[in-house]
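A.B. asks: Before I ask anything, let me first share the structure, which is written out below as structure tokens.
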Amino acid sequence: MNPIRWLGWVIPAEEREFILGDLVETYGEKTGRLGWELLRVGTALRLRTDPPLTSHVSPLTKRSNIVGTLLSDARFAFRQLARSPGFSLLAVLTLALGIGATTAIYSVVSPVLFRPLPYPGAERIVTLWERGQDDSENNTGYATFLDVERMSTSFESLAAMSSWQPTLQGSGDPERLSGQRVTQGFFSVLGVRPALGRDFRAEENVRGKHFVAMLSHGLWQRRFGSDPSILGRPVTFNGIAYTVVGVLPQTFESLLSPGAQIWAPLAYEPALPWACRTCRHLRAIGRLKEGVTPGSAGRELDLISRRLVAEHPTDYSTTGMHVVPLQDRLTRDVRPALLAVLGAVALVLLIACANVSALLLGRAIQREGEFAIRGALGAGKGRVMQQLLTESVLLSLLGGAAGIALAYWGVKGLSALAPANLPRLSAIGIDGGVLLFTAAISVASGIAFGLVPAFATARPDLFSALRPGGRATGLRSRRLARATLVTGEIALALMLLFGAGLLMRSLHRLLAVNPGFDPAGLLTMEVQTTGPRYQEDEPVRRFFEQAREAVSLLPGVEQAGWTSMLPLGGNFDRYGVRIEGVVLANPANAPSADRYAVTPGYLEAMRIPLQRGRTLTAADGTSAPKVVLINQTFAALAWPNSDPIGARVQLGGPDRPWWTVVGIVGDVRHTGLDETQAPQVYLPEAQWFSADNAMVLTARTHGDPALLAGAIRAAIRAVDPSLPILQVATMEEVVSATAQQRRFAFILFQVFAVVASLLAAAGIYGVLAGSVTERTRELGIRAALGASRGGIVALVVRQGLALTLTGLAAGALGSLLLSRFLQRLLFGVGSTDPATFGVVVAVLLAVALTACWAPAWRATRVSPLEAIRGE
Amino acid sequence: MPLNLGEFEQLVLLALLRLGKEGYGVTVREELLNEGGREVSLGTVYKTLLRLESKGLVAAQIGDPTPARGGRRKKHYSVTARGRTALTRSLAALRGLSRGLNPVWGAP
């Protein structure tokens with residue numbers, strides 16, 4: 001930090017160079033001392049030279065030119081603050097806390113919710129979804145996408161995409177990348193042009209001609225040394241050579257697929273089996289034409305959908321499509337948590353303001369005489385108010401400056417704490433917009449907390465205030481104002497505590513949900529077979545079997561098995577299931593189930609309980625009869641009155657083979673602990689028509705699973721060292737990651753609630769301490785007349801309790817209001833949960849009583865003699 | 001019109017005379033402290049120097065930039081003839097008025 005850069009302006013420009021030179025010569029550059037002297041010299045030079053007595057008084061009493069008055073008010077305010085450094089420090093720190101927290105939260109929330117996405121014309125980018133039976137937003141099939149693209153007129157361009165995780169081979173270690181396969185309109189929908197090379201061409205979105213790739217700037221830098229001659233060169237993915245045609249700009253943020261580094265054409269053709277209407281695995285986006293709203297585009301797509309349903313009635317379960325602006329869709333999941341946190345921090349700021357307001361009021365009582373003298377010299381109410389407001393705005397600006405420093409650290413912590421699904425994490429930081437926001441809330445809060453004391457003190461009763469030993473009659477209203485402020489603080493603190501309590505209980509309830517397996521002691525990791533050795537199914541299956549054996553033999557490993565999908569792992573693989581003997585009017589309405597292709601050892605390692613029938617074994621091999629297990633939800637849904645064992649089902653379509661149900665296992669939470677349970681099927685991996693080339697290992701270990709990660713990795717590498725091993729995590733980590741968003745909100749609420757309670761306690765303390773000081777004489781007389789210590793303590797505590805109880809009553813109403821906004825974050829607990837409320841009230845009551853204790857104790861020490869002599 | 005000097009102005013002028021060519025903000029403040037036993041803030045010194053300059057009692061010369069000053073130039077002050085006259089008058093008045101009074105400031 002260079003004081004000259006920040007503070008140099010305080011020296012008048014014409015003398016700046018010489019004076020700064022002198023100061024640097026004396027104190028050295030970039031020293032704190034230099035900054036301090038700079039401020040002193042600047043203040044001395046800018047102060048009016050030798051003001052005569054009259055001019056010193058007049059700016060404080062009369063309204064003259066506005067700028068001059070403001071400057072002189074500010075100067076005066078500075079001196080006032082410097083005169084009582086303890087008060088100033090307390091007020092500035094309180095404000096810094098409130099403003100800093102608000103700034104930090106705003107800087108996290110604003111790029112996600114308020115600022116446009118980093119694409120040109122981002123407001124015209126929308127996502128397209130088929131409407132599900134429950135009005136849900138579903139992915140689309142390629143045939144439907146082509147029809148929409150052909151028939152619609154609302155869009156400049158449309159694109160479909162699917163995710164793609166190719167393994168990059170060649171120079172260096174093999175690396176699995178995250179990427180997307182996209183139709184050729186993709187980058188024009190986003191409005192992004194490659195920094196190097198060109199966009200995909202239409203003819204490259206054709207099967208056989210699609211071996212071209214677009215690299216992210218990061219990948220180009222990291223793996224190809226930013227070599228511009230990469231264009232036109234072949235790069236090997238999954239053993240196939242792709243030609244690099246372009247590199248995206250460094251500023252490109254992949255929001256549709258966070259972390260994506262590589263793009264290639266989708267290259268579907270309508271005849272392909274996975275391009276059918278019911279093959280709903282593509283996401284679609286579009287850029288609206290200028291002037292077209294998402295609503296009108298949605299109405300057009302509804303019409304198109306109606307025609308498609310009429311032509312292909314068995315391919316759709318319902319008509320209609322959703323058009324959702326990209327920003328809404330991206331932020332939908334995190335919005336409740338972010339808004340709740342933003343609301344919470346606003347409450348903290350309010351409490352901080354109320355606190356400073358109360359502090360100022362207390363001080364105004366002490367400054368009684370000063371205001372009276374000003375009044376006597378002819379200062380109007382407005383003039384004194386202006387002076388007081390200047391003081392509070394100055395305080396809040398100082399608080400804001402300190403708050404920015406606080407926010408700077410806060411943002412770092414928040415980025416680490418933020419849920420992984422928070423979009424635009426990289427854009428979070430303190431920038432010009434955030435600073436502007438901070439300046440705005442600083443001034444606004446300065447005025448907000450300055451108004452109460454300004455109104456309450458502006459016109460004291462001159463006569464009694466000036467009388468020696470006299471007391472102003474305005475005191476009563478000021479005490480009332482102060483008490484009201486503290487009551488408000490308690491109410492706000494209660495709201496925050498209640499929110500934190502509800503979130504804490506939700507989190508506990510959520511993590512107490514039985515996921516259907518036993519996460520303790522489980523280690524998971526993903527391995528992908530890739531390269532020329534694994535073109536056929538047989539070597540893929542042999543590798544996974546050998547790796548399983550190698551891992552099972554490790555000391556410390558109890559059971560190990562592979563699955564095509566890990567519960568709570570973030571992916572899903574859902575198939576429509578047809579049940580033999582059940583005829584549906586519309587096959588599109590068939591139930592869909594999560595499909596797990598598993599090897600022996602998986603169910604045992606996960607400890608998914610077998611409820612009836614038999615489990616899958618090594619005997620259920622490629623040539624054995626095809627068998628599946630179903631979960632209890634599926635059994636209850638599809639066979640409510642009969643025995644599913646022995647029944648046959650088809651997965652994926654009418655031309656697929658029949659599978660015989662041989663057992664029923666327990667339900668497993670797949671997408672989240674708070675989701676409703678879906679049907680699930682488990683089949684032997686060996687019996688699926690093609691081998692899954694990426695599988696997740698689950699290994700049950702004795703003791704801490706993380707300790708075995710190295711040994712398990714080594715065992716897999718011993719089978720084939722060339723394959724990438726990814727996402728090594730304990731199952732407990734995987735489960736806990738699903739509660740991230742609630743945890744994020746909870747931790748922040750917790751911090752805010754603690755801060756709020758402390759501020760409220762400080763407020764109560766301040767009021768009582770002030771009142772004990774004011775009532776010294778009264779207390780002394782009471783003591784002299786024989787009041788017991790207990791009686792005096794009760795007197796003070798009763799006053800504190802009255803404030804607290806009023807605050808709690810107001811806070812109870814506020815809590816009802818606030819918790820409604822938390823509804824979407826709550827789980828297993830009502831938004832008016834009385835138990836939580838009771839605990840929270842008790843906590844706050846205890847805090848308040850603690851704050852009463854010190855002033856009460858002091859009141860008992862008042863000596864009658866001194867109290868009366870003091871007058 | 002003869003100019004009357006304030007006390008602090010007298011001190012600053014005297015310090016400048018003592019410093020010769022080395023008179024600028026920092027050295028004036030040191031001189032006041034070391035030789036005059038007065039501790040004043042730099043801001044007061046600058047304010048007085050600027051006021052004396054505007055009254056034509058001192059003149060400023062701009063020096064060369066030096067690395068120790070972060071490449072900034074220095075403003076030297078020297079007492080003008082007008083300044084010397086004013087100071088002489090002022091000191092003469094002091095001397096005249098204090099003549100004959102004994103050291104404890106009572107009447108002889």
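A.B. asks: Could you check what % of the DSSP bridge pairs in the stretch A:575-710 are antiparallel, to the nearest 5? It would help to have the intermediate numbers written out before the result.
C.D. replies: On the way: 13 of 23 bridges.
Percentage antiparallel, nearest 5: 55.
A.B. asks: Report D for the stretch A:203-320 in µm² per second (integer): Stokes-Einstein, Kirkwood Rh on Cα pairs, 25 °C, 0.890 mPa s.
C.D. replies: Here the translational diffusion coefficient equals 140 µm²/s.
A.B. asks: Something else: Please list, short to long, the whole-number percent of alpha-carbon pairs of the stretch A:259-311 in consecutive 10 angstrom bins beginning at zero.
C.D. replies: Calculated over all Cα pairs of the stretch A:259-311, the distribution is 16, 36, 37, 11, 0 percent.
A.B. asks: Return one quarter of the surface area of the convex hull spanned by the alpha-carbon atoms of the stretch A:636-771, equal to its mean projected area, in nm².
C.D. replies: Its average projected convex-hull area is 16.7 nm².
A.B. asks: Quick one: grab the alpha carbon gyration tensor of the stretch A:590-675, order the square roots of its eigenvalues as a ≥ b ≥ c, and give me rounded if a/c is under 1.5, else prolate or oblate depending on whether a/b is larger than b/c. Working shown, then result.
C.D. replies: Details: a/c = 1.37, a/b = 1.06, b/c = 1.29.
Since a/c stays below 1.5, the shape of the stretch A:590-675 is classed as rounded.
A.B. asks: Computed FRET efficiency, Cβ-Cβ of A:ARG79 and A:ARG509, R0 60 Å: what is it to the nearest 0.05?
C.D. replies: Result of the calculation: an efficiency of 0.60.
A.B. asks: Can I ask one more? Can you compute the FRET efficiency between A:ARG476 and A:LEU71 using 1/(1 + (r/R0)^6), with r the Cβ-Cβ distance and R0 = 30 Å? Round to the nearest 0.05. Kindly include the intermediate steps, with their values, before the conclusion.
C.D. replies: Numbers: r = 35 Å, r/R0 = 1.18.
Using R0 = 30 Å, I get an efficiency of 0.25.
A.B. asks: Here's something else I'd like to know. At 1.4 Å probe size, with the rest of the protein present, what percent of the exposed accessible area of the stretch A:188-286 is carbon and sulfur atoms? Mind dumping the intermediate values first?
C.D. replies: Values: 2340 of 4320 Å².
Roughly 54 percent of what the probe reaches on the stretch A:188-286 is carbon or sulfur.
A.B. asks: Further question: Once the Cα atoms of helix A:381-417 and of chain A are each reduced to a long axis, what angle between those two axes, in degrees from 0 to 90 to the nearest 10, is obtained?
C.D. replies: Once rounded, one gets 30 degrees.
A.B. asks: Let's test the formula: R0 of 25 Å, r as the Cβ-Cβ distance of A:SER722 and A:ALA619. What FRET efficiency results, to the nearest 0.05?
C.D. replies: Values: r = 31 Å, r/R0 = 1.26.
Using R0 = 25 Å, I get an efficiency of 0.20.
A.B. asks: Taking a quarter of the surface of the convex hull around the Cα atoms of the stretch A:280-356, what do you get in nm²?
C.D. replies: Mean projected area for the stretch A:280-356: 8.3 nm², to one decimal.
A.B. asks: On the first, second and third principal axes, largest extent first, how far apart are the outermost C-alpha atoms of the stretch A:484-563 in Å?
C.D. replies: Projected onto the principal axes, the Cα atoms of the stretch A:484-563 cover 77, 30, 20 Å.
A.B. asks: A follow-up question, please. List the residues whose amide H sits under 5 Å from the amide H of A:PHE155, counting only those 5 or more places along or on another chain, with H placed 1.01 Å from N in the peptide plane.
C.D. replies: Placed amide hydrogens put A:LYS289 under 5 Å from A:PHE155.
A.B. asks: Something else now. Over both sides of the A-B contact, add up the buried accessible area with a 1.4 Å probe and give it to the nearest 100 Å².
C.D. replies: 1800
A.B. asks: Here's another thing I want to ask about it. Peptides A:830-841, B:41-52, B:87-98: what's the order by average Cβ count within 10 Å, highest mean first? Mind showing how you got there, number by number?
C.D. replies: Details: A:830-841: 16.7, B:41-52: 20.7, B:87-98: 12.2.
Most protected by this proxy first, the peptides run B:41-52, A:830-841, B:87-98.
A.B. asks: Please quote Rg/Rh for chain B to two decimal places, taking the Kirkwood radius as Rh and restricting both calculations to Cα atoms.
C.D. replies: 1.05
A.B. asks: Follow-up question, since we're still on this one. Hey, any idea what the orientation-averaged projected area of the convex hull of the stretch A:212-266's Cα atoms comes to, in nm²? Don't jump to the answer; show the numbers that get you there.
C.D. replies: Working: hull surface 15.6 nm².
It is 3.9 nm².
A.B. asks: Ok, one more. Inside 10 Å of the C-beta atoms of B:46-53, what's the mean count of C-beta atoms belonging to other chains?
C.D. replies: Numbers: counts 10, 7, 1, 1, 5, 2, 0, 0.
Across B:46-53, the average partner-chain Cβ count within 10 Å equals 3.
A.B. asks: Hey, another quick one. Once you average over the residues of B:21-32, how many Cβ atoms of partner chains fall within 10 Å of each Cβ?
C.D. replies: Mean partner shielding for this stretch: 2.
A.B. asks: Stokes-Einstein D for the stretch A:627-713 at 37 °C, 0.692 mPa s, Kirkwood Rh over Cα pairs, in µm²/s?
C.D. replies: Once the numbers are plugged in, D ends up at 211 µm²/s.
A.B. asks: What does DSSP give for chain A in terms of the percent of beta bridges that are antiparallel, rounded to the nearest 5?
C.D. replies: Expressed as a percentage, antiparallel bridges in chain A total about 80.
A.B. asks: List the longest stretch of chain B that has no exposed loop site; here a site is one of the GluC sites (Glu not before Pro) assigned by DSSP to anything other than H, G, I, E or B, with at most 16 other Cβ within 10 Å.
C.D. replies: Here the longest run is B:40-108.
A.B. asks: Here's a follow-up. Let me have the 222 nm mean residue ellipticity of chain B computed from DSSP H runs of 4+ only, each contributing -39500 (n - 2.57), with the sum over all residues rounded to the nearest 500.
C.D. replies: Details: 4 runs with 54 residues, N = 108.
Computed mean residue ellipticity for chain B: -16000 deg cm²/dmol.
A.B. asks: Treating the Cα atoms of the stretch A:785-871 as identical point scatterers in vacuum, please give the log10 of the normalised Debye intensity I(q)/I(0) at q = 0.14, 0.18, 0.24 Å⁻¹, two decimals.
C.D. replies: With no solvent term, the Cα-only Debye profile gives -0.64, -0.84, -1.14.
A.B. asks: Here is a further query. Over 19 Å between C-alpha atoms is what I'm after, so list which of A:LYS30/A:LYS412; A:LYS30/B:LYS75; A:LYS30/B:LYS47; A:LYS209/A:LYS289; B:LYS47/B:LYS74 land there.
C.D. replies: Values: A:LYS30/A:LYS412 26 Å; A:LYS30/B:LYS75 22 Å; A:LYS30/B:LYS47 24 Å; A:LYS209/A:LYS289 30 Å; B:LYS47/B:LYS74 16 Å.
Distance filter (> 19 Å) returns A:LYS30/A:LYS412; A:LYS30/B:LYS75; A:LYS30/B:LYS47; A:LYS209/A:LYS289.
A.B. asks: Before rounding to the nearest 500, sum -39500 (n - 2.57) across all DSSP H runs of length at least 4 in chain A and divide by the residue total; then give [θ] at 222 nm in deg cm²/dmol. Please report the intermediate quantities before stating the final value.
C.D. replies: Numbers: 27 runs with 438 residues, N = 871.
About -16500 deg cm²/dmol.
A.B. asks: Can I ask one more? For the protein assembly as shown, report the % of Cα-Cα distances exceeding 52 Å.
C.D. replies: For the protein assembly as shown, the share of Cα pairs beyond 52 Å comes to 43 percent.
A.B. asks: Separate question: Quick one: which residues, 5 or more positions from A:VAL212 or on another chain, have an amide H under 5 Å from its amide H? H modelled 1.01 Å from N in the peptide plane, none for Pro or chain starts.
C.D. replies: A:THR243
A.B. asks: What chymotrypsin sites (Phe, Trp or Tyr not before Pro) does the stretch A:567-653 have in DSSP loop regions with at most 16 other beta carbons within 10 Å? Mind showing how you got there, number by number?
C.D. replies: Values: sites: A:PHE572, A:TYR575, A:TYR596, A:TYR602, A:PHE634; in loops: A:PHE572.
Sparse-neighbourhood loop chymotrypsin sites (Phe, Trp or Tyr not before Pro): A:PHE572.
A.B. asks: Taking the stretch A:88-194 as the region of interest, what is the percent of Cα-Cα pairs per 5 angstrom bin, listed from the shortest bin to the one with the maximum distance?
C.D. replies: 2, 9, 11, 13, 13, 13, 10, 9, 7, 5, 4, 3, 1, 0
A.B. asks: Would you mind checking the stretch A:388-431 for residues with the amide N under 14 Å from a putative spin-label position 7 Å along Cα→C-beta of B:SER41?
C.D. replies: So the set is empty, nothing qualifies.
A.B. asks: Taking every eigenvalue of the Cα gyration tensor of the stretch A:695-850, multiplying by 5 and rooting it, what semi-axes result, largest first, whole Å?
C.D. replies: Equivalent ellipsoid of the stretch A:695-850: 58, 19, 12 Å, largest first.
A.B. asks: Send over a whole-number figure in Å² for the accessible area per residue of the protein assembly as shown, probe 1.4 Å. Each step should come with its number before you reach the end.
C.D. replies: Values: 44470 Å² over 979 residues.
So the protein assembly as shown comes to 45 Å² accessible per residue, rounded to a whole number.
A.B. asks: Further question: Label points 7 Å out from Cα along the Cβ direction at A:TRP36 and A:PHE689: separation in nm?
C.D. replies: With each label placed 7 Å out from Cα toward Cβ, I get 8.2 nm.
A.B. asks: Cα atoms only: what Rg and Dmax, in Å, come out for the stretch A:1-41?
C.D. replies: Using the Cα atoms of the stretch A:1-41, the pair Rg, Dmax is 8.8, 24 Å.
A.B. asks: Determine the principal axes of the Cα atoms in the stretch A:587-638, then give the extent along each, sorted from largest to smallest and rounded to whole angstroms.
C.D. replies: If we take the Cα atoms of the stretch A:587-638, the spans are 34, 26, 17 Å.
The values are calculated or read from the model by the stated rules, or taken from the named source; none is laboratory data. Since this is a predicted model, take the numbers as computed values, not measurements. Glycine gets a Cβ as well: all are built from the backbone with ideal geometry, and neighbour counts include every protein chain shown. The accessibility values were calculated without ligands, DNA or RNA, using every heavy atom of the protein model including side chains. Shrake-Rupley method; radii C 1.70, N 1.55, O 1.52, S 1.80 Å.
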